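Trainee: To start, I am sharing the structure in question, which I have written as structure tokens.
The values are calculated or read from the model by the stated rules, or taken from the named source; none is laboratory data. A quick note: this is a predicted structure, and the numbers were derived from the prediction, not measured. Here the Cβ positions follow ideal geometry from the backbone for every residue, glycine too, while neighbour counts run over all protein chains shown.
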Amino acid sequence: MWGNSEPSCLVLGRGGNIKYDSLAPVHVSGHASQEEQKLLLNMVRPKHFLPIHGELRQLKRHGMLAIEVGIPQENVIVVENGQIVELSGGRIKLGERIPGGYVFVDGQSIGEVDYDIMRERGKLARNGIFLIDISVDRLNGRLLHDPEIITRGFVSPEDAEGMIPEVRKRILQAVNGGGVDNEKDIANAVKSYLYEETKRRPMVLVTLSKG
């Protein structure tokens, strides 16, 4: 059972026990069931019905429930974000559609972070990151020193230590094979190996400098 402090105290005072996720694997939804939604619709008997809150599939299903309890289909309107709904003279109708989307809030920044950035953050959260720093001789294209490799959120430090020698080997093969034109070529070689070993795709970033 879920509740704030006052309902919880009331339940305990009446001799009840409260279960929550720290004590037992329980979950109580705060959303109404279909039968509860039907009950509310029958009690209120709205002339028009516009379901809100949820994905489009959920809104459509909620609208179907309203039709099932007797609200005329023409009075049930399911809309997406940005759709204007006009109420005039006891009638409801759709107006124009305003382009809209997500507005991300990041610290003091509002709307400056776009979907591509959020997608990158999601990928980092799911698969981690592999950072590789490489220096090559400008004249012959050979490595000037062993690649510096840092990984975060991908595998444990112990597993990373076991993989890094092979990653360095793959980088050396790519560089000395003469098929490396830019950082992307090296990143692809490393990604291929990491996927072979883990079936995961971390974000691989390569910095390539020529001395």
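Trainee: Within the range 65-77, work out how many residues are out of contact with any strand residue (DSSP E or B) (no Cβ under 8 Å at 6 or more places or on another chain) and under 19 Å from HIS31 (Cα atoms).
Mentor: 1
Trainee: Among the residues of the range 43-52, write down those that are part of a loop (DSSP other than H, G, I, E, B) and either out of contact with any helix residue (DSSP H, G or I) (no Cβ under 9 Å at 6 or more places or on another chain) or not basic (Lys, Arg) (or both).
Mentor: Across the range 43-52, the qualifying residues are ARG45, PRO46, HIS48, LEU50, PRO51, ILE52.
Trainee: Among (1) of a type outside the set (S, T, N, Q); (2) outside the structural domain of GLU55 (by TED's automatic domain parsing); (3) in contact with a strand residue (DSSP E or B) (Cβ under 7 Å, 6 or more places away or on another chain), there is one condition LYS93 misses while meeting the rest; what is its number?
Mentor: LYS93 satisfies all of (1) of a type outside the set (S, T, N, Q); (2) outside the structural domain of GLU55 (by TED's automatic domain parsing); (3) in contact with a strand residue (DSSP E or B) (Cβ under 7 Å, 6 or more places away or on another chain) except (2).
Trainee: When you check SER135 against the structure, is it in contact with a strand residue (DSSP E or B) (Cβ under 8 Å, 6 or more places away or on another chain), hydroxyl-bearing (Ser, Thr, Tyr), surrounded by 14 or more Cβ atoms within 10 Å (Cβ to Cβ) and touching a residue at least 12 places away in the same chain (Cβ under 8 Å), yes or no?
Mentor: yes
Trainee: Still on this model: Considering the range 11-30 alone, what residues qualify as being at pLDDT 80 or above and either surrounded by 10 or more Cβ atoms within 10 Å (Cβ to Cβ) or within 26 Å of the chain's Cα centre (by Cα) (or both)?
Mentor: GLY16
Trainee: Tell me whether the range 159-173 contains one or more residues that are part of a strand (DSSP E or B), of a type in the set (Val, Ile, Thr), farther than 30 Å from ASN81 by Cβ and touching a residue at least 12 places away in the same chain (Cβ under 8 Å).
Mentor: No, the range 159-173 has no match at all.
Trainee: Of all residues in the range 178-196, count the ones that are modelled with pLDDT under 90, exposed (fewer than 14 other Cβ atoms within 10 Å of the Cβ) and of a type in the set (Asp, Glu).
Mentor: Result for the range 178-196: 1.
Trainee: Does at least one position in the range 100-108 carry a residue that is surrounded by 13 or more Cβ atoms within 10 Å (Cβ to Cβ) and more than 25 Å from the chain's Cα centre (by Cα)?
Mentor: No; the residues of the range 100-108 include none that is surrounded by 13 or more Cβ atoms within 10 Å (Cβ to Cβ) and more than 25 Å from the chain's Cα centre (by Cα).
Trainee: Name the residues in the range 53-112 that are farther than 17 Å from GLU36 by Cα, assigned to a loop (DSSP other than H, G, I, E, B) and of a type in the set (A, V, I, L, M, F, W, C), would you?
Mentor: ILE77, VAL78, VAL79, ILE98, VAL103, PHE104
Trainee: Quick one: would you say GLY82 is at pLDDT 85 or above and of a type in the set (Gly, Ala, Ser)?
Mentor: yes
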